[in-house]
Structures are given as structure tokens and as C-alpha cells.
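The values are calculated or read from the model by the stated rules, or taken from the named source; none is laboratory data. Because the structure is a prediction, the values reported are computed rather than measured. No Cβ is skipped: glycine too gets one built from the backbone with ideal geometry, and neighbour counts run over all protein chains shown.
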Amino acid sequence: MAGQEDQELDQEQHADAAGRLSAGAAPPGAGTGPRARVGLEVSQVVELPRPRFPGSAEPARMYAVLTVTVRRPGAAPPDAPGAAEGDPAPGAHRPRLAEVLLIDHSSSMVIPPSRLAAARAAAVGALAKLPDGALFALVAGGDKAAMIYPRRPGLAVAHAESRAAAEAALYDCTPGGGTAMGTWLERARLLFRDLPAAGPTGHVRHALLLTDGKNESGYESRAELRERVERCAGAFDCDVVGIGDAWETEELLLIAGALGGRIRAVEDLTRLPGELAALTGRAAERDVTGLRLRLYHRAGVRPLSFEQVHPTRTALTPAHVDLTGVGTGAGGPVEEYGLSPCGEETRAYLLCVAAPYDPAQLGKELLLTEVEIDAGDQARDLDLPAPQPVLMRWTDDADLYSRLDPQVAHYQHEEELHRTFERACAELKRGARETAETLLGTAWRLAGETGDTAMRDHLRRLVRVADTERGTVRLLDHIARFDVEAARIQSSMTVLPGRLPSGRLPRGRPAGGRPPEGRR
């Protein structure tokens with residue numbers, strides 16, 4: 001299927017590509033900004049309890065949070081009060097951006113007509129956020145993907161005339177047909193295919209998908225959508241916006257999760273232009289490319305899991321694993337993870353490794369894993385951090401090993417919040433209101449513990465809070481589907497930890513003991 005889809009566009013796309021790419025290869029101002037500074041921090045409690053039964057099937061687990069930050073001199077942190085997402089950092093140079101806007105033009109978009117009008121106005125606002133010299137395309141999504149602008153498959157160069165022509169073409173486009181979002185993503189993949197992702201002539205490849213509905217099985221099954229999404233993974237990032245209330249949350253989470261994007265659920269159509277403009281502006285600022293996170297594990301250390309936990313939870317697969325050291329006995333596996341383009345932002349990752357026990361090492365601080373950030377050819381344009389260690393020390397002191405690192409605790413609570421809310425939604429769907437009510441009360445309490453005020457705002461549309469501290473809530477008599485699904489999307493995102501006090505693990509579980517549910 002992939003080969004056939006590729007061939008359908010090849011002839012037309014390559015006819016126009018050469019001129020457009022050469023015209024857009026060097027946007028004005030590229031490479032003139034201040035050096036970005038990349039930070040790396042490891043947060044953990046190094047003590048693990050000495051195994052009572054050495055050689056048991058359940059290994060001791062060490063958890064550590066790895067926090068990667070990207071900052072420019074003079075720029076306020078994006079999470080600071082007053083920092084607006086998508087606003088340019090002072091003195092930032094223009095990124096080499098390639099943007100594809102995938103706008104739903106299926107038949108459902110005209111019911112009511114204001115929906116399509118809002119989507120078009122939002123797309124025009126997104127075009128205005130493209131810096132001059134960026135490459136872009138507008139695609140109409142239906143049961144197939146159709147080019148809006150440029151008319152033939154390819155990428156145009158952003159300037160005043162091309163934006164005006166794209167706007168005119170957008171309003172001339174006639175909606176119709178069904179929905180098959182995987183074909184829209186395939187079109188974006190083909191449009192991006194000839195663009196280098198890194199290096200002096202590289203591009204930040206970003207897509208923005210807007211839809212009001214879900215895939216129709218007659219046009220594209222869930223399995224076909226998943227196959228196409230997986231084919232696009234690594235080729236570009238994609239943010240997703242759902243409007244109306246007929247979209248399928250699992251489909252939006254699948255797309256954004258695999259393609260490193262964020263999801264927005266927009267109920268008030270007057271807010272839609274601002275949402276798309278902010279997402280496009282944010283993509284335009286994510287011009288730090290080529291970052292790689294490398295984990296050097298010590299001999300005998302077994303990596304168990306590694307996932308992004310902020311700003312969204314995303315399971316990660318290493319781009320490369322070197323087992324040379326394992327084969328020779330000189331070391332453990334070396335895992336390398338490619339990071340998607342960054343702007344002024346913070347990302348956090350949760351690492352879990354199994355630690356080998358040696359009685360002779362009791363009380364000694366040992367290196368488990370060394371964490372390094374590399375940027376290859378891009379390193380000369382960045383201030384990169386020194387490698388950071390993930391350590392461990394076996395102990396019999398319960399006061400030491402029963403502590404939980406505040407950041408590890410924070411993201412474990414975030415995961416518990418997500419899991420609890422999903423269970424509540426399932427109970428609500430099957431009509432078990434009392435059980436759902438209890439679970440939503442727990443979700444309210446967990447949202448407070450993690451400082452997730454946005455999640456609490458969503459929960460207020462589902463419940464009336466009787467006791468904030470205890471998490472006693474009452475379900476509202478009428479709950480709109482949009483409010484439930486918007487809260488599900490919110491629970492897939494996380495907030496950065498505040499200044500949490502170090503605490504003991506729940507139910508007396510030691511720091512290196514059994515993993516939290518869902519991480520086994």
C-alpha cells in the first residue's frame with residue numbers, strides 16, 4: 001500500500017520540488033541568533049534496599065527523572081508566569097520551518113456551516129504565523145487527501161503573495177466525502193520526504209491536523225490508521241486539534257503520541273484561530289534540531305523502561321542500541337534516543353533500570369548509567385551539558401531507601417491520575433455512577449497533589465466538589481460528551497513538578513521495590 005501511495009505523488013511532486021526547495025533553503029536570518037543552552041539534570045534517590053533473597057526473580061529497580069531544558073540567553077523560561085507558548089524568544093533567529101496544514105474538509109464540516117468557516121479562518125491565522133522563507137502546504141482532508149495550495153503536490157515558500165494565494169485557494173475548496181486521517185498524514189510524509197531534518201540546510205518538519213470527526217471504517221480501519229501513523233513516526237511532528245464533539249479520543253491520542261505532538265480540544269470556535277496560531281508559532285520556534293539522548297549502562301545493568309513524562313506521556317523506542325560492551329563483558333547496552341526539534345522548553349523522561357546486586361558493594365556509591373546529550377554536526381551551535389550519572393547505593397537503612405525522590409513521585413502521581421481518570425470514564429460509560437464518582441474524587445485529589453490546575457478545571461465540568469481536601473465529589477446530573485473527552489485529553493498531559501517535599505512511598509513500598517502499576 002505504501003509503495004502505491006508513494007508512486008501516486010512522485011511524478012507530480014518531483015516536477016515542482018526542485019525550484020521550491022532551492023527557493024526556501026535559506027530563510028532570512030537563519031543562524032543569526034544566540035547560542036541555545038541545553039541543560040540536563042538527573043533527579044533520584046540513590047539508595048536501594050539490599051535484597052533479602054539475592055538472585056530472586058524480582059530485580060531491584062532504580063527510577064530516575066532526566067530533565068532536558070533548552071534556553072536562549074535573555075529568554076524567560078516557557079513555564080514562567082507570563083511566558084506565552086508560541087511567542088518568539090527575544091533575539092531568536094528564524095527557524096527553518098516546513099509546515100503542512102491538514103484541514104478537515106469532509107462533509108461533516110458544513111454541519112453547521114460555522115464550523116468550516118471557523119476552520120478556514122484559523123488556517124489563515126496559522127499561515128500568518130509562518131516566517132517568510134518557510135516552506136508550507138495546505139491540504140484538504142477527506143476520505144483522501146487533496147492539495148489546496150500549491151495545487152500540485154509540493155511545498156511553497158512563505159511570503160505575502162503566497163499566503164494570499166493560499167487563502168484564496170482555501171476558500172475556493174469544496175468540502176465533501178468521508179474521513180480517513182491516515183491518508184492526510186501520508187500526504188504530509190510525502191511532502192516532507194525530500195527535506196533534510198538536520199544540518200545547515202535542514203528543516204523543522206511539522207504538521208497541524210484539524211478534524212471534527214473520526215475515521216470511517218469504510219474508508220480507513222483503525223489498523224490502517226495505525227500502520228500509516230507508524231510509517232510517519234520520525235518523519236515529522238504533528239499537533240492535533242479536535243472541534244465539535246464527534247472525534248474519537250483514541251485516534252487523536254494515537255496520532256499525537258506517535259508523532260510527538262500535542263492535542264487541543266476546542267469547544268468555542270471563536271478560540272480556534274488563536275489555538276492554531278499558537279501551535280504554528282510554537283512550531284516555528286522549535287529550531288534546535290539533532291539532539292540525541294544517549295544512555296551508557298554499566299555491565300550487568302538491564303534497562304527496563306524509558307519514557308517521556310512531560311509535557312506528555314509517550315513511550316519511547318531507542319533509535320539505536322549498541323550491544324558491543326555486552327558481548328565483550330566490558331559494559332552494558334548503549335541506547336540512543338533521537339529528540340524531536342526543541343524550542344524554549346523543558347522535557348522530562350522517566351528511566352527505570354534493574355540493578356545487579358553484589359554483597360561486596362554494600363554501602364558503596366556506584367554508577368548505573370551515564371546520561372549524555374549529543375547533537376552531532378549541530379553541536380557547534382549549542383552549549384551542551386556535561387554527562388550526568390544515575391547512581392545507586394545498597395543499604396540496610398530503611399530511613400534512606402524508603403524515601404521517594406520528589407520528581408519521581410510527581411510523575412508517578414501524574415500517571416496514577418491518568419489511570420484513575422480513565423477508569424472513571426469506563427465506569428461512567430457503563431452506567432456505574434457511584435464507582436465513577438469515587439474514582440473522580442480520587443482524580444480530584446491527585447490533580448491537587450500534582451498541581452494540575454488545568455485538570456481540576458476540566459473535572460469541575462463533571463462533578464460538584466463537596467470536600468476539596470478529601471476528594472469528595474458528586475457527579476453532575478448532565479455531563480456532555482465533549483467535557484469527558486476533553487478531560488481525557490487533558491489527563492494525557494502533565495505539569496512540571498513544583499517544590500514538593502520528599503516523602504515516603506505509599507504503603508511502605510521501598511524505592512527499589514515493586515514498580516507502580518502499569519510499569520511491570
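Which ranges mark the strands (runs of 3 or more DSSP E) fully within the range 243-329 that have 1 or more residues being farther than 24 Å from residue 37 by Cα and of a type in the set (Asp, Glu)? Can you show your working first?
Working: elements: 263-266, 292-297, 302-310, 320-322.
Where strands (runs of 3 or more DSSP E) fall fully within the range 243-329 and carry at least 1 residues being farther than 24 Å from residue 37 by Cα and of a type in the set (Asp, Glu), they are 320-322.
Between a residue in the range 229-240 that is closer than 12 Å to residue 209 by Cα and any residue that is hydroxyl-bearing (Ser, Thr, Tyr) and buried (at least 18 other Cβ atoms within 10 Å of the Cβ), which pairs come within a Cβ distance under 8 Å, given they are 6 or more apart or on different chains?
237/340; 240/211
Kindly indicate whether any position in the range 151-171 is under 23 Å from the mean Cα position of the chain (by Cα) and of a type in the set (Val, Ile, Thr). Walk me through it before giving the result.
First, pick out the residues of the range 151-171 that are under 23 Å from the mean Cα position of the chain (by Cα): none.
Checked against the condition, which is being under 23 Å from the mean Cα position of the chain (by Cα) and of a type in the set (Val, Ile, Thr), the range 151-171 yields no hits at all.
Which of the residues spanning the range 184-223 are part of a helix (DSSP H, G or I) and in contact (Cβ under 8 Å) with a residue 60 or more places away in the chain? Explain how you work it out, then say what you get.
Pass one, the range 184-223, residues part of a helix (DSSP H, G or I): 184-192, 222-223.
Once the filter is applied, which keeps residues that are part of a helix (DSSP H, G or I) and in contact (Cβ under 8 Å) with a residue 60 or more places away in the chain, the range 184-223 yields 184, 185, 186, 187, 188, 190, 191, 192.
Can you pull out every residue in the range 291-307 that is within 22 Å of residue 60 (Cα to Cα) and of a type outside the set (Lys, Arg)?
If we filter the range 291-307 for residues that are within 22 Å of residue 60 (Cα to Cα), which is where we start, we get 295-307.
Within the range 291-307, 295, 296, 297, 299, 300, 301, 303, 304, 305, 306, 307 meet the criteria.
What about residue 426, is it touching a Lys or Arg at 6+ places or on another chain (Cβ under 7 Å) and without any contact (Cβ under 8 Å) to a residue 24 or more places away in the chain? I'd like the intermediate steps shown before the answer.
Numbers: touching a Lys or Arg at 6+ places or on another chain (Cβ under 7 Å): no; without any contact (Cβ under 8 Å) to a residue 24 or more places away in the chain: yes.
Against the criterion (touching a Lys or Arg at 6+ places or on another chain (Cβ under 7 Å) and without any contact (Cβ under 8 Å) to a residue 24 or more places away in the chain), residue 426 does not qualify.
Among what's in the range 347-391 and is touching a helix residue (DSSP H, G or I) at 6+ places or on another chain (Cβ under 9 Å) and in a strand (DSSP E or B), pick the residue that is farthest from residue 60 (Cα to Cα).
Step one: list which residues in the range 347-391 are touching a helix residue (DSSP H, G or I) at 6+ places or on another chain (Cβ under 9 Å), which gives 348, 350, 375.
From what is left, the residues that are in a strand (DSSP E or B) are 348, 350.
Details: 348: 23, 350: 16 Å.
Residue satisfying both the conditions and the ranking: 348.
Does any residue of the range 94-110 turn out to be assigned by TED's automatic domain parsing to the domain that holds residue 254, touching an Asp or Glu at 6+ places or on another chain (Cβ under 6 Å), β-branched (Val, Ile, Thr) and not in a helix (DSSP H, G or I)?
no
In the range 56-105, how many are farther than 30 Å from residue 498 by Cα, modelled with pLDDT of 95 or more and in contact with a Gly (Cβ under 6 Å, 6 or more places away or on another chain)?
So the first thing to find is which residues in the range 56-105 are farther than 30 Å from residue 498 by Cα, and the list is 56-59, 93-105.
Next cut, modelled with pLDDT of 95 or more only: 98-105.
Restricting the remaining residues to those that are in contact with a Gly (Cβ under 6 Å, 6 or more places away or on another chain) gives 102, 104-105.
Residues flagged as farther than 30 Å from residue 498 by Cα, modelled with pLDDT of 95 or more and in contact with a Gly (Cβ under 6 Å, 6 or more places away or on another chain) within the range 56-105 amount to 3.
Where residues in the range 432-484 are assigned to a helix (DSSP H, G or I) and among the hydroxyl-bearing types (Ser, Thr, Tyr), which of them is surrounded by the most Cβ atoms within 10 Å (Cβ to Cβ)? Break it down into steps so the answer makes sense when it comes.
At the first step, the residues of the range 432-484 found to be assigned to a helix (DSSP H, G or I) are 433-450, 453-459, 481-484.
When the remaining residues are screened for being among the hydroxyl-bearing types (Ser, Thr, Tyr), the result is 435, 438, 442, 450, 453.
Working: 435: 15, 438: 17, 442: 17, 450: 24, 453: 10.
Residue satisfying both the conditions and the ranking: 450.
With respect to residue 40, is the statement that it is assigned to a strand (DSSP E or B), at negative phi and modelled with pLDDT of 95 or more true?
Numbers: assigned to a strand (DSSP E or B): yes; at negative phi: yes; modelled with pLDDT of 95 or more: yes.
Considered against the rule, which asks whether it is assigned to a strand (DSSP E or B), at negative phi and modelled with pLDDT of 95 or more, residue 40 comes out as yes.
Given the condition assigned to a loop (DSSP other than H, G, I, E, B), surrounded by fewer than 21 Cβ atoms within 10 Å (Cβ to Cβ) and among the charged types (D, E, K, R), answer yes or no: does some residue in the range 149-166 qualify?
Taking the range 149-166 as the starting set, the residues that turn out to be assigned to a loop (DSSP other than H, G, I, E, B) are 150-155, 158-159.
With surrounded by fewer than 21 Cβ atoms within 10 Å (Cβ to Cβ) added as a condition, the list becomes 150-152, 159.
Checking the rest, the ones that are also among the charged types (D, E, K, R) come to 151-152.
Looking for residues that are assigned to a loop (DSSP other than H, G, I, E, B), surrounded by fewer than 21 Cβ atoms within 10 Å (Cβ to Cβ) and among the charged types (D, E, K, R), one finds at least one in the range 149-166, hence yes.
Of the residues in the range 285-300, how many are closer than 22 Å to residue 204 by Cβ and crowded, with 22+ Cβ neighbours inside 10 Å?
Adding up the residues that qualify gives 6.
More than 11 Å from residue 417 (Cα to Cα) and touching a residue at least 40 places away in the same chain (Cβ under 8 Å), is that true of residue 480? Before you say what the answer is, go through the steps one by one.
Values: more than 11 Å from residue 417 (Cα to Cα): yes; touching a residue at least 40 places away in the same chain (Cβ under 8 Å): yes.
It is true that residue 480 is more than 11 Å from residue 417 (Cα to Cα) and touching a residue at least 40 places away in the same chain (Cβ under 8 Å).
Being modelled with pLDDT of 95 or more and more than 23 Å from residue 185 (Cα to Cα) narrows it down to one of 240, 229, 321, so name that one.
From the options 240, 229, 321, the qualifying one is 321.
With the structure loaded, tell me whether residue 412 is crowded, with 17+ Cβ neighbours inside 10 Å, in the same structural domain as residue 297 (by TED's automatic domain parsing) and in a helix (DSSP H, G or I) or whether it fails that test. Talk me through it step by step, then tell me what you get.
Working: crowded, with 17+ Cβ neighbours inside 10 Å: yes; in the same structural domain as residue 297 (by TED's automatic domain parsing): no; in a helix (DSSP H, G or I): yes.
No.
Could you check residue 179 against (1) surrounded by fewer than 22 Cβ atoms within 10 Å (Cβ to Cβ); (2) in contact (Cβ under 8 Å) with a residue 24 or more places away in the chain; (3) over 22 Å from the mean Cα position of the chain (by Cα) and say which number it fails?
So the condition that residue 179 fails would be (1).
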